[in-house]
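Scroll down for the structure; my scribbles are underneath it.
The values are calculated or read from the model by the stated rules, or taken from the named source; none is laboratory data. Since the structure is predicted, the reported quantities are computational estimates derived from the model, not experimental observations. Neighbour counts are summed over all protein chains in view; Cβ atoms, including those assigned to glycine, are modelled from backbone coordinates with ideal geometry.
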């Protein structure tokens, strides 16, 4: 027994002695032989230079550069190391006065980062860079950091590509930014934010010997201890830069959006949110100032209407209303309805644009003429269908179909901040009407009004479903990452999504009816010679609630389409706010874009239409509509003193109507 105890004592002693020996040996090794840690601790003789790699380049579908890099220098400062700096000489070299210098240093001190390197000045001019390098030995605590600033080649797609900016202290607390430090840049919106980890690359660290003037010179140990920077991976997009530029030209001076998708892949060919802005404004030292100006604009150019604006789809929803009605068995394509200008089956009159007999004699005719009565009725037939136990169950089934179409939820596009729209279900209406409602209560949903609201992206995606006869791919921009089309990040976008079981015959009926819309119906202006276009016009009623009053605004012009009918290559949705009929503005814009994409050019005989679209100035109409609506309700004088003060305080040169719009955005948001 005694021998066993002694044996355990020896083992325990041996373990303690062994652990202590390992620790002492490691400390001795670090202090005497580990060069890397000696360098990091010896800032006097060795200069540690952080090298930021260029972010990944972004190309369009044809290999055209959309977003690249150009080299600039930022001036960095570590306040605790500034002892001995000649402040007057520094200010003279950098073109600063003493108050300006102190203001910058105070801002750095407020952020409580005296012991960390911070940005003192961004994007130095070549002259400032040269003067600093000449006198660097006199400016303790300051150093130049080479960066690659983003350069937008075409001044387009700003809302989609996004921008980068220095990470904030709040961002550094988030898990996504644990490897970042103050002074690093990161994507803040668009593709730059969505693919930040891919585009960023990996920064490097180089160790340089200092000379007697404290200037970094030759690589220490010939760079043996350096960590090489790794450039960010490039992205190839489905976007067509030429089509994107043309779409922005057509949408100039209008409020609205365009989304064009390749139905066969889900790749986004163009996305416009208008008014657009030059993305080069959001780079360099003027970024914050320019961002403030854009943010204050009444027409909200920083708001991505393509993925975040939610519109009543109007008549553009009618193809989906028909698909669901046929899908549940409520109607067949031959079903007809007598309509003489209104729908009167729900104890109220719902106006229809057509009064001629036979315009709703079957599904094809009803869609071609966009008969409100017909689609209100088949929506009621759908949710009141005898196969359902109740109207509430029928509405829930309709809701399930629409969820499958991608409505009422995010599509999953590779852009941040997407909105899901609004898709009412049984629970929604039970709450709204305290459980007492029927198909007449919600009848307007069948014609794309009421509580239904979709994003333009969802509308374009619904055209992919019809074009493909029952399936779609999640809409996305990126085709390949670093020339690898099979990158795991892209796997979700390769998955085919099947909608609920709807027969091919139903899709054929809808496609034929949408073809009739263009060839003999409300969308004849969208014809393209030699190409079979399937489309649907929409004129969406638009109401606003201001100070508790419901104001009827000008209708939104809406249009959805795909082409060609066989082997479709483009599906598109266009929304022009407060512009009136869908066939007047949204339809021609969509048609010109489809022709441009499918034929590479627009025919000469359609140049007049092109000129009309590019030269139209509808932003004033958009603003005056609100101004007039306020006058009608005598609401413009609401709190008139505040309004007058706002107008007087503004330094902007916008006209009075735009200022009213800006004031309304703030007062009644």
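Please go through the range 264-274 and give me each residue that is over 13 Å from the mean Cα position of the chain (by Cα) and crowded, with 24+ Cβ neighbours inside 10 Å, ordered by number. Steps first, answer last, please.
Of the residues in the range 264-274, the ones over 13 Å from the mean Cα position of the chain (by Cα) are 264-267, 269.
Correct list: 266, 269.
Name the residue that is nearest to residue 312 (Cα to Cα), counting only residues in the range 420-436 that are part of a loop (DSSP other than H, G, I, E, B) and without any contact (Cβ under 8 Å) to a residue 40 or more places away in the chain. Give the steps one after another, and end with the answer.
Within the range 420-436, the subset part of a loop (DSSP other than H, G, I, E, B) is 420-421, 423-425, 433-436.
Next, only the ones that are without any contact (Cβ under 8 Å) to a residue 40 or more places away in the chain stay: 420, 423-425, 433-436.
Working: 420: 13, 423: 11, 424: 12, 425: 16, 433: 20, 434: 24, 435: 24, 436: 24 Å.
Filtering the range 420-436 for residues that are part of a loop (DSSP other than H, G, I, E, B) and without any contact (Cβ under 8 Å) to a residue 40 or more places away in the chain, the one nearest to residue 312 (Cα to Cα) comes out as 423.
Criterion first (in a loop (DSSP other than H, G, I, E, B) and in contact with a helix residue (DSSP H, G or I) (Cβ under 7 Å, 6 or more places away or on another chain)) does residue 260 satisfy it? Before the answer, list the steps.
Values: in a loop (DSSP other than H, G, I, E, B): no; in contact with a helix residue (DSSP H, G or I) (Cβ under 7 Å, 6 or more places away or on another chain): yes.
Considered against the rule, which asks whether it is in a loop (DSSP other than H, G, I, E, B) and in contact with a helix residue (DSSP H, G or I) (Cβ under 7 Å, 6 or more places away or on another chain), residue 260 comes out as no.
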Worksheet entry | Residue under evaluation residue 496, criteria (1) modelled with pLDDT of 95 or more; (2) surrounded by fewer than 16 Cβ atoms within 10 Å (Cβ to Cβ); (3) in contact with a helix residue (DSSP H, G or I) (Cβ under 9 Å, 6 or more places away or on another chain); (4) over 27 Å from residue 394 (Cα atoms), criterion not met | (3)
Worksheet entry | Selection count, the range 321-347, where residues are in contact (Cβ under 8 Å) with a residue 40 or more places away in the chain, more than 11 Å from residue 376 (Cβ to Cβ) and part of a loop (DSSP other than H, G, I, E, B) | 6
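Among what's in the range 143-158 and is assigned to a strand (DSSP E or B) and at pLDDT 90 or above, pick the residue that is surrounded by the most Cβ atoms within 10 Å (Cβ to Cβ). Spell out how you get there, then give the answer.
Taking the range 143-158 first, the residues assigned to a strand (DSSP E or B) are 143-152.
Now narrow it down to the ones that are at pLDDT 90 or above: 150-152.
Values: 150: 25, 151: 14, 152: 21.
Restricting to residues being assigned to a strand (DSSP E or B) and at pLDDT 90 or above, the top hit is 150.
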Item to complete: Could you pull out the residue among 201, 232 that is in contact with a helix residue (DSSP H, G or I) (Cβ under 9 Å, 6 or more places away or on another chain) and modelled with pLDDT of 85 or more?
Response: 232
Worksheet item: So residue 378 fits all but one of (1) touching a residue at least 60 places away in the same chain (Cβ under 8 Å); (2) part of a loop (DSSP other than H, G, I, E, B); (3) closer than 23 Å to residue 540 by Cβ; what number is the exception?
Response: (2)
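Pick out the one residue from 362, 430 that is in the same structural domain as residue 498 (by TED's automatic domain parsing) and out of contact with any helix residue (DSSP H, G or I) (no Cβ under 8 Å at 6 or more places or on another chain). Spell out the reasoning first.
Details: 430 fails: out of contact with any helix residue (DSSP H, G or I) (no Cβ under 8 Å at 6 or more places or on another chain).
Within the list 362, 430, the selection yields 362.
Let me confirm something: among 450, 525, which residue is closer than 15 Å to residue 318 by Cα, assigned by TED's automatic domain parsing to the domain that holds residue 372 and modelled with pLDDT under 95? Lay out the reasoning, then the answer.
Numbers: 525 fails: closer than 15 Å to residue 318 by Cα.
Every option except 450 fails the conditions.
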Item to complete: Please state which of the following conditions residue 451 fails to meet, knowing it meets all the rest: (1) touching a residue at least 40 places away in the same chain (Cβ under 8 Å); (2) surrounded by fewer than 16 Cβ atoms within 10 Å (Cβ to Cβ); (3) under 29 Å from the mean Cα position of the chain (by Cα); (4) not in a helix (DSSP H, G or I).
Response: (1)
Worksheet item: Checking residue 465 against (1) surrounded by 14 or more Cβ atoms within 10 Å (Cβ to Cβ); (2) within 30 Å of residue 343 (Cα to Cα); (3) more than 26 Å from the chain's Cα centre (by Cα), which test does it fail?
Response: (3)
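Among the listed residues 417, 477, identify the single one that is surrounded by fewer than 14 Cβ atoms within 10 Å (Cβ to Cβ), under 17 Å from the mean Cα position of the chain (by Cα), more than 23 Å from residue 317 (Cβ to Cβ) and assigned by TED's automatic domain parsing to the domain that holds residue 573. Before you say what the answer is, go through the steps one by one.
Details: 477 fails: surrounded by fewer than 14 Cβ atoms within 10 Å (Cβ to Cβ).
It is 417.
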Item to complete: Kindly establish whether residue 503 is surrounded by fewer than 14 Cβ atoms within 10 Å (Cβ to Cβ) and touching a residue at least 24 places away in the same chain (Cβ under 8 Å).
Response: yes
